[in-house]
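In what follows, a single structure is set out as structure tokens and then discussed.
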Amino acid sequence: MSEEIVVIEGDGIGQEVVPAAVSVLEAVGDFEFVAAEAGDAVREATGEALPQETYDAVADADATLFGAAGETAADVILPLREAVGSFVNIRPARSYPGVDAVRPETDLVFLRENTEGVYSGHEDRLSDDLSTLTRVVTTSASEQLAEFACEYVTDADADADADGFQIVHKANVMRETDGRFRDAVVDVAEAEGVETEEVLMDAFATRICLDPTQFDVVVCPNLAGDVLSDLAAGLVGGLGLLPSANVGPDNALFEPVHGTAPDIAGEGLANPAAAILSAAMLLEHLGYDDEAANVRTAVESVLEDGPRTADLGGDAGTDEVTDAIVGRLE
Ligand code: GGG
């Protein structure tokens, strides 16, 4: 039986890089693709950024491939993460031979809390002068992330060379919320016999720029993971290279870390690598490890030899790069 993969292109370059990733999946497997809609354009047309049928399709699918959402990101991606029961956003950041990088020695994975923190949607406009945001942190969600992190670093099959992980937080200032996050993660790691190192979020930003080899697996709250993984993207050659997986107990959603890139959207110039590497994570999630490795190898060889998109100094378009990657699949 072929697995059902929901495909949501979303907005901007999502409409260019997701078809590229689908063509790679078509080349390596026999999947049933179900197209679904979400994002700015859908809201403009229907008044709703995330139609109920899209939410239901994602909740029922074997996996989902998502592109990007712009202004409606909070209305789309946050509920979709809920639809798949995702408690962790896995964001690997590594450099590639042939790609100019500020820090070519970078190779780490962010395990980002995916439902809470300042992204839990509790914002209020209390007066003409005052808006507030409630930061939500629970011990249970922090522990669930920590348990995943412990399994991740002890699983011989996972792409982690680490014995332990770093916990990035700002508990010296956000004592109650990041303090709770830190304490829950440390407690789980201690119980599991996994080593941890605590790194304050601001110090992490400096340290990763100076020497990214200090970090292998980084466990962090939601906003910190979103921002610091973009920082890491800057060290390895840009957002066009970072895939991600939103993983839940029985379901998952895969998306490039980049957004809609309105400056180049519609021009066929977007780098499809992040979306195609997200598809590789999807394949792995469904148990197609050989196919996932095949896709990664093809992406790596095209990044090394070209053709490359403009963000990586080349002059090729999305389709040319995608065709080259498909052509290198074994
Ligand atoms: N594909 C990534 C995307 O749509 N990014 C928009 C965004 O702002 N995402 C916030 C998040 O990942 O939490």
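The values are calculated or read from the model by the stated rules, or taken from the named source; none is laboratory data. Please read all numbers here as calculations on a predicted model, not as lab measurements. All Cβ positions, even for glycine, are placed from backbone atoms using ideal geometry, and neighbour counts span all protein chains on display.
Which residue is nearest to the ligand (Cβ to nearest atom), if the candidates are limited to region 87-105 and must be crowded, with 21+ Cβ neighbours inside 10 Å and more than 15 Å from A273 (Cα to Cα)?
Taking the candidates together, the pick is N89.
Take A224 and tell me if it is under 15 Å from the mean Cα position of the chain (by Cα) and under 25 Å from G10 (Cβ atoms). Show your work before the answer.
Working: under 15 Å from the mean Cα position of the chain (by Cα): yes; under 25 Å from G10 (Cβ atoms): yes.
Against the criterion (under 15 Å from the mean Cα position of the chain (by Cα) and under 25 Å from G10 (Cβ atoms)), A224 qualifies.
Scan the strands (runs of 3 or more DSSP E) fully inside region 112-187 and keep the ones with 1 or more residues being closer than 20 Å to Q214 by Cα.
Output list reads 164-169.
Using the structure shown, decide if A265 is within 12 Å of the ligand (Cβ to nearest atom), small (G, A, S) and in contact with a helix residue (DSSP H, G or I) (Cβ under 8 Å, 6 or more places away or on another chain).
no
So which of G259, G234 ends up being surrounded by fewer than 24 Cβ atoms within 10 Å (Cβ to Cβ) and within 15 Å of the ligand (Cβ to nearest atom)? Steps first, answer last, please.
Details: G234 fails: within 15 Å of the ligand (Cβ to nearest atom).
Among G259, G234, only G259 is surrounded by fewer than 24 Cβ atoms within 10 Å (Cβ to Cβ) and within 15 Å of the ligand (Cβ to nearest atom).
For (1) β-branched (V, I, T); (2) in contact with a Pro (Cβ under 9 Å, 6 or more places away or on another chain), each residue gets a yes or a no:
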position: F110; (1), (2): no, yes
position: N114; (1), (2): no, no
position: D128; (1), (2): no, no
position: V136; (1), (2): yes, no
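Cβ contacts < 9 Å: first residue on the phi > 0 side of the Ramachandran plot, restricted to region 301-330; second residue modelled with pLDDT of 95 or more and part of a helix (DSSP H, G or I), any location; separation 6+ or different chain. Result?
From residues that are on the phi > 0 side of the Ramachandran plot, the pairs are G306/L312; G306/V321; G306/A324.
Which residues, taken from region 41-72, are in contact with a Gly (Cβ under 7 Å, 6 or more places away or on another chain) and modelled with pLDDT under 95?
If the condition is that a residue be in contact with a Gly (Cβ under 7 Å, 6 or more places away or on another chain) and modelled with pLDDT under 95, then A69, G70 are the ones that fit.
Just checking, which of A57, A83, A74, A68 is of a type outside the set (S, T, Y), within 14 Å of the ligand (Cβ to nearest atom) and surrounded by fewer than 24 Cβ atoms within 10 Å (Cβ to Cβ)?
Criteria check complete, one pass: A74.
Go through the residues of region 241-248 one by one and say whether even a single one is of a type in the set (S, T, N, Q), more than 16 Å from the ligand (Cβ to nearest atom) and out of contact with any Pro (no Cβ under 8 Å at 6 or more places or on another chain). Give the steps one after another, and end with the answer.
Filtering region 241-248 down to residues of a type in the set (S, T, N, Q) leaves 244, 246.
Of the ones still in play, those that are also more than 16 Å from the ligand (Cβ to nearest atom) are none.
Taking every residue of region 241-248 in turn, none turns out to be of a type in the set (S, T, N, Q), more than 16 Å from the ligand (Cβ to nearest atom) and out of contact with any Pro (no Cβ under 8 Å at 6 or more places or on another chain).
Test each condition in (1) charged (D, E, K, R); (2) more than 20 Å from H258 (Cβ to Cβ); (3) within 16 Å of the ligand (Cβ to nearest atom) for D40 and report the one that comes out false.
The failed condition is (2).
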